[in-house]
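All of the numbers you see were taken from the coordinates with simple rules; none came from a lab. Just so it is clear, the model here is predicted, and its values are computed rather than measured. Cβ atoms come from the backbone with ideal geometry, glycine included; neighbour counts cover every protein chain shown.
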Ligand code: TXA
Ligand code: MG
């Protein structure tokens, strides 16, 4: 097990992070909490350490990283151009779960940006993340602290489980508040464009950038689309994840049960349209049911944690009742679809 330092989630005192800062300065990798998910951090200008992030995650070098900074001024220092809309969005949403993609400044190492000429930047809101950025006094690149294509971690325990001793230090700042990754917006074009739906809703973003576009492939909020992608599994648990209509989720779960191993069943509410099945299933004890509620933010907060827990319980499959095809559920629907391995590819 890697060393774990536990720090209360509300701590913003950089003096508590001196050890973590030292590990980073020596070229180490430090997993730390943000308000979205845990990140696997390295100093952005330490090319060897950044390279190690890709190795530890098993992630292709062409997949660029997000640079975490304290504020807009420090973000601008990493960019070659700073469009006016960036300042407007940042004033509204930083610190917070908004990642902006802009042209990168020439001194940003190519290993950070996957060799490309753009850079993704965000200022996290989590007090511990901010304290760490203050303590190191420089940008920290951090992808989600999981193996490539696995579930993002929302607790320090998930990080330890996924990365073990390949990470030099884990800062345990409790469970992440939003539980789903930041929204990524490309600001290089004429109109801002969403590349990854996330913790900020489209409605929130449109209130600041009414001409917001959505990248092709993300346009439909349609969980039924049948377009297997090139990037088959992302945000996936170990167990097979199957989406089912809520009314059929119980019977699908029962049909996938291979006793004595249980099947996981994730629903928004306890109602089921097939009382017979539900009674049988709960009696048989072979279906582990988790009810996450009908409010998208609350659902997102516990989704990954729930999938981790079901995985740990040894389920053979996880059946998830479909979520509504509405904008409020967009990010959750995107992650669920990717977890089944049938989403279109994303950069
Ligand atoms: O909430 C989050 O964003 C978390 C926390 C730790 O900040 N980080 C995170 O990083 O989710 P990662 O590496 O798992 O996902 C970064 C996303 C990927 O979809 C990546 O393709 C996109 O951001 N991205 C990064 N740099 C980019 C760039 N230069 N151009 C386009 N997309 C970029
Ligand atoms: Mg990730």
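Some observations on this one:
- Cβ-derived FRET efficiency at R0 25 Å, residue 15 paired with residue 105, nearest 0.05: 0.25
- Taking the helices alone, the chain has a mean residue ellipticity at 222 nm of -9000 deg cm²/dmol, built from -39,500 (n - 2.57) per DSSP H run of at least 4 residues and averaged over all its residues.
- Relative frequency of Cα-Cα separations exceeding 35 Å in the chain, percent: 22
- Residues 40, 288, ranked from the fewest to the most other C-beta atoms within 10 Å, line up as 288, 40.
- Distance from the Cα centroid of region 134-206 to that of region 31-108 is 10 Å (rounded to whole angstrom).
- Label-to-label distance, residue 213 versus residue 137, with points set 7 angstrom from Cα along the beta-carbon direction: 4.2 nm.
- For region 13-115: relative contact order, % (alpha-carbon pairs under 8 angstrom, 6 or more apart): 27
- Two-decimal log10 I(q)/I(0) for region 73-122, as the Debye equation yields it once each C-alpha is a single scatterer, q = 0.15, 0.23, 0.30 Å⁻¹: -0.37, -0.81, -1.19
- Compactness of region 70-215, taken as the C-alpha radius of gyration over 2.2 N^0.38 Å, stands at 1.06.
- Cα-derived Rg to Rh of region 1-133, Kirkwood definition: 0.95
- The relative contact order of the chain, computed from alpha carbon pairs under 8 Å that lie at least 6 residues apart in sequence, is 20 percent.
- Debye intensity ratio I(q)/I(0), log10, region 51-90, q values 0.30, 0.34, 0.35 Å⁻¹ (C-alpha model): -1.00, -1.18, -1.22
- Debye-sum result for region 146-220 in log10 I(q)/I(0), which assumes one identical scatterer on each alpha carbon, at q = 0.14, 0.22, 0.27 Å⁻¹: -0.61, -0.94, -1.21
- Between helix 330-340 and the chain there is an angle of about 70 degrees, using the helix long axis and the longest principal axis of the Cα atoms.
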